[in-house]
Each structure stands twice: as C-alpha cells, then as structure tokens.
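Here's the structure, in structure tokens; my notes come after.
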Amino acid sequence: MNCQECDSQNIIKNGSIHNGKPKFMCKDCGRQFVENPTKKIISQETWDLVDKLLLEKIPIAGISRVTGISEPWLQKYINNKYENIEQKVNVVKKKAL
Ligand SMILES: [Zn+2]
C-alpha cells in the first residue's frame, strides 16, 4: 500500500476509525487515511491545466492551489515528465556530418 498523497510506502498503522477500519499514517508527508478508500481521480483536463501552468512558470505551490492536486503529486508528475523528456532527447541521434 502506498500513501495516497505522496505515494510513499513508508506507512504506519495509526489506530482505527469509527467503524473499526484500520487507519494509517504516512511517515513522509503525515497524511492519514484508511485502506481501500475511494480513489482520488485527477482528470486529464486537470493535468492539461497543470502543463499550461508549468509553461507559465507558476510555482508548484500555486499550481497545487489552482488544481487541488497536492504538491508531492505534482512533484512526482513533473519528475516523471522530465525523465521522459530526457529519455527522448537521449535517443535522438545526431546527424553525421
Ligand atoms: Zn505521504
């Protein structure tokens, strides 16, 4: 199980909620949650908006406020994005002169 907020696996059990379901806490970001919750769904439109805001050089904190996506998620998304771009750049071969 991963943290719903930052996807960390550094999870500890932290008591239980009113119906007896175990409650967990992420040691990395401090977020508390229960197992098998309704999944947080971020729509493609929202990610498109994130891309636009990134192009405008809006800081992550600002994008987080506008889109409602948490900062750790945004950071992960950005890291992934740049990793992919780097990979693409690396495979482009230079034209031999
Ligand atoms: Zn977390």
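Bear in mind that the values in this text are calculations on the coordinates, not laboratory data. Nothing here was measured: the structure is a model prediction, and the numbers come from that model. Note that we place each Cβ from the backbone using ideal geometry, even for glycine, and neighbour counts take in every protein chain shown.
As an exercise, use a Förster radius of 22 Å and the Cβ-Cβ distance of residue 43 and residue 14 to find the FRET efficiency, rounded to the nearest 0.05.
Numbers: r = 30 Å, r/R0 = 1.37.
The computed FRET efficiency comes out at 0.15.
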Task: Distance (nanometres) between label positions extended 7 Å along Cα→Cβ at residue 29 and residue 66 - done: 2.0 nm
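If packing is taken as the average number of other Cβ atoms within 10 Å across a peptide's residues, how do 19-31, 65-77 rank, most packed first?
On the way: 19-31: 13.8, 65-77: 15.8.
Descending packing order for the listed peptides: 65-77, 19-31.
In square nanometres, what is the average projected area of the Cα convex hull of segment 44-91? Don't jump to the answer; show the numbers that get you there.
On the way: hull surface 13.5 nm².
That works out to 3.4 nm², a quarter of the Cα hull's surface.
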